[in-house]
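**Q** Below are the structure tokens for one structure; questions will follow.
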Amino acid sequence: MTRRSFLNQAAGAAAFPAAIQAAVNNTEPMKITKIEAVTFRQDIKIGGGNGGSEATEFCWVRLHTDKGIIGTGETYPFHQGEIGALKDYSRTLTGRDPRDIDGIWRAFYHRMAMRNAGGADMRILSAINMAQLDILGQASGLPLYRLLGGKTRPRVRVYNTTTDYWAINNTKMGPDTMKIVQFLLDRGITAMKIYPFSAPDNYISNQALERGMSWIKEIRDKTGNQMDICVDLWGRFDLPSAQRIAKALEPYNIMYLEDAMLMNNPKAYAQLAAETSVPICMSETLATRYEYREYFENKACDVIMYDLTWCGGPSEAKKISDMADTYLIPTSPHTCGGPLLYTCSAHLCTALPSFLIMESNYWKYTHQFPHFVNNIPVPEKGHIVPPEAPGIGLEIKPELFRNGDAIVETVAQV
């Protein structure tokens, strides 16, 4: 190897994760020849406790290449804005080599950042990035977790987001706390996320605080520490209410308190984190390492959460987690979207050096996801493993495209 080729390779390795650079070096150049947006009929009936009628909120982006490889990415939940953004950016994507993971990401990000980066633009960039990595994995014969650095753990621990009570109770009678807890424990799932606090006007009343805490107390009183508890406030509270909730939670050893306030003031979060022993988690609503940086520097969180289909895609998520790792802060990804998000998150968590737990949802992996793919990872003893097939590794059901469930729009073609 000459000095020049060594320096060129070293420069490439600095720009890419080493595993991605190695995969690029071992594959042939290719071009993106067609871009498709895939949405789904909103009247699809999906099984479950109430007969199944939930509309599909995710959409897919398919990148076709001149090598015959098709990569699929995903985002959600506002299709019209996302597909509109895809149309706006498609001219700068067709003809490009999809292996240019960082190059395409940087070009898209700069273009949107000069016009207020975020929203549908960021979500569609996340889907494109996912599709590019899917292509690179298929071309190199490697599963996604290998491209992201390889295994750091043999399996990924998951918690259950407890929102669709009927899917567990098989009735619409509403939440039965201990029935849900026992249902999960019987399946080896020893962590759950709940939403016990309500907030009209961003304020927690004494009555609402007591009502929410009764849920926490019941779980602890009847199961001890068998069930880890994550509490999500969905950004609904102001700082004084968040402080009161955190203080009330301190004796109950919860895993973390998520999105106590809106993510628009790192110093308010820093104050909350400094005042409580409850770990503070934030936030699926942030995107890119640039937005997380200020929270790290202000010591404003103890756990980070992102959504691969919102934060800039799997490669950007890995960079966010690597930055968090320098502060000894672990990652707990948000996955309550579609099957590609869930499975890509399992790949990423397999590769992360600093990981806490990953979100899952019983109704989705039991009822919704199998309508679209054949081999969705299902928890065993509270853990999942990603597919070993190349790329994302999911077997997308071809009948979706034959029976009209999938609605395919060609956005660009060369």
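Bear in mind that the values in this text are calculations on the coordinates, not laboratory data. Here the structure is a predicted model, which is why all the values come from computation and not from measurement. Virtual Cβ from ideal backbone geometry, glycine too; neighbours counted across all protein chains shown.
**Q** Report, by chain and number, residues whose modeled amide H sits under 5 Å from the one on Phe355, excluding near sequence neighbours (fewer than 5 apart, same chain).
**A** Answer set, sorted by chain and number: Thr331.
**Q** So what are the ³J(HN,Hα) numbers for region 255-261, from phi and the Karplus equation (6.51, -1.76, 1.60; θ = phi - 60°), rounded to whole Hz, Gly and Pro as x?
**A** So the Karplus estimates, Gly and Pro as x, are 5, 6, 10, 9, 6, 5, 9 Hz.
**Q** Please give me the summed charge of the neighbours of Val278: other residues whose Cβ is under 11 Å from its Cβ, Lys and Arg +1, Asp and Glu -1.
**A** -3
**Q** About the Cα centre of the chain, what is the dipole size in debye to 20, counting +1 per Lys and Arg Cβ and -1 per Asp and Glu Cβ, all else neutral?
**A** Using only the charged Cβ atoms, the result is roughly 760 debye.
**Q** Classify region 146-384 from the C-alpha gyration tensor, please: rounded if a/c falls under 1.5, else prolate or oblate depending on whether a/b exceeds b/c.
**A** In terms of gyration-tensor shape, oblate.
**Q** Can you give me the long-range amide H partners of Ile407? Hydrogens built in the peptide plane at 1.01 Å from N, cutoff under 5 Å, separation of 5 or more residues or another chain.
**A** So Ile407 has HN proximity to Thr39, Phe40, Arg41.
**Q** Which of the listed residues, Ile204, Ser277, Thr190, is farthest toward the dipole's positive end in region 146-384, when Lys, Arg count +1 and Asp, Glu count -1 at the beta-carbon?
**A** Thr190
**Q** Just subtract the alpha-carbon distance of Arg91 and His110 from 0.36 nm times their residue separation and send over the number in nm, one decimal.
**A** Gain in length upon complete extension: 5.3 nm.
**Q** If you don't mind, there's one more thing I want to ask. Place the peptides 193-202, 93-102 in order of packing, highest mean first, counting for every residue the other Cβ atoms within 10 Å and averaging per peptide.
**A** 93-102, 193-202
**Q** Can you sort Arg155, Arg236, Arg111 from fewest to most other Cβ atoms within 10 Å of each residue's own Cβ?
**A** Taking fewest neighbouring Cβ atoms as first place, the list is Arg111, Arg155, Arg236.
**Q** Quick check: pseudo-label points 7 Å beyond the Cα along Cα→Cβ at Glu380 and Ser354, how many nm apart are they?
**A** With each label placed 7 Å out from Cα toward Cβ, I get 3.2 nm.
**Q** Once the principal axes of the Cα atoms of the chain are found, what is the range along each, listed largest first in whole angstroms?
**A** 65, 51, 40
**Q** Can you give me the long-range amide H partners of Lys193? Hydrogens built in the peptide plane at 1.01 Å from N, cutoff under 5 Å, separation of 5 or more residues or another chain.
**A** Correct list: Asn160, Thr161, Thr162, Cys230.
**Q** Could you tell me which of the pairs Lys247/Lys381; Lys151/Lys397; Lys247/Lys267; Lys67/Lys397; Lys193/Lys299; Lys151/Lys381 are separated by over 26 angstrom between their Cα atoms in the structure shown?
**A** Too far apart for the 26 Å limit: Lys247/Lys381; Lys151/Lys397.
**Q** Further question: Sequence gap at least 6, Cα distance under 8 Å: using those rules, report the relative contact order of the chain to the nearest whole percent.
**A** Computed over the chain, the figure is 21 percent.
**Q** Relative contact order, percent, of region 146-384 when contacts are C-alpha pairs under 8 Å separated by at least 6 residues?
**A** 23
**Q** For the chain, what does -39500 (n - 2.57) per DSSP helix run (n ≥ 4), summed and divided by total residues, give at 222 nm, in deg cm²/dmol to the nearest 500?
**A** Using -39500 (n - 2.57) per qualifying helix, the result is -12000 deg cm²/dmol.
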